[in-house]
Amino acid sequence: MARKAKEAKAGRVSLQDLMSLVNKKAGRNVAHDLTGDNPTEVKEWIPTGSRWLDSIICKGRVAGIPVGKVTELAGLESTGKSYMAAQIAANAQKTGKMVVYFDSESAIDPGFLERAGCDLGRLMYVQASSVEFVLETVEELLGATEEQLLFIFGTL
């Protein structure tokens, strides 16, 4: 009888054990149960440089771009997307984040970034040859450091 009880338990693994397995494979905590701290909740924001826009993004709170989320700046040409991205980069640097700027056009001017408030010593410029290259590089950089990074991908 003791043997039947043992066989019934064979193959059963706890949720915590499964999460540990996934987290070990990823090299960081990526698997969570949602009964405790919610890993999808935004706790930190990067100001855009526009108090009006910051309050719209976060429904009445003056906040900005959510840390840990993907944010897209879209608009017609010459509407300030690159300037807004540079402002966000400068504000991210003020909070201690390193900035990685992928440029698919090879058109960014270092002086433009400096005038927007960026510290070029804490900004990595990468000429992006393809979307696949950008995504692979982002994945590699995320696994290489515990430092918080802001990725900007400037495209046409």
Original post:
Among Lys24, Lys97, Lys81, Lys69, which is surrounded by 10 or more Cβ atoms within 10 Å (Cβ to Cβ), among the basic types (Lys, Arg) and within 16 Å of the chain's Cα centre (by Cα)?
Top reply: Lys97
Original post:
Which of (1) in contact (Cβ under 8 Å) with a residue 60 or more places away in the chain; (2) aliphatic (A, V, I, L, M); (3) loosely packed, with under 11 Cβ neighbours inside 10 Å does Ala74 not meet, given it meets every other one?
Top reply: (1)
Subject >> Residue satisfying condition, being of a type outside the set (D, E, K, R), in the same structural domain as Cys118 (by TED's automatic domain parsing) and in contact with a Gly (Cβ under 7 Å, 6 or more places away or on another chain), within set Ser82, Ser78 >> reply: Ser82
**OP:** Can you tell me which residue within segment 14-30, out of those that are under 26 Å from Gly143 (Cβ atoms) and not in a helix (DSSP H, G or I), is modelled with the highest pLDDT?
**Re:** Val30
Subject >> Ala63 being assigned to a helix (DSSP H, G or I) and crowded, with 17+ Cβ neighbours inside 10 Å >> reply: no
Original post:
Can you name the condition, by its number, that Leu76 falls short on among (1) more than 17 Å from the chain's Cα centre (by Cα); (2) in a helix (DSSP H, G or I)?
Top reply: (2)
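Kindly indicate the residue of segment 136-156 that is among the β-branched types (Val, Ile, Thr) and part of a helix (DSSP H, G or I) and also nearest to Ile46 (Cα to Cα) among those meeting that condition.
My answer is Val138.
The values are calculated or read from the model by the stated rules, or taken from the named source; none is laboratory data. Being a predicted model, the structure only gives us computed values, none of them experimental. Every residue, glycine among them, receives a Cβ derived from its backbone with ideal geometry; neighbour counts consider all protein chains shown.
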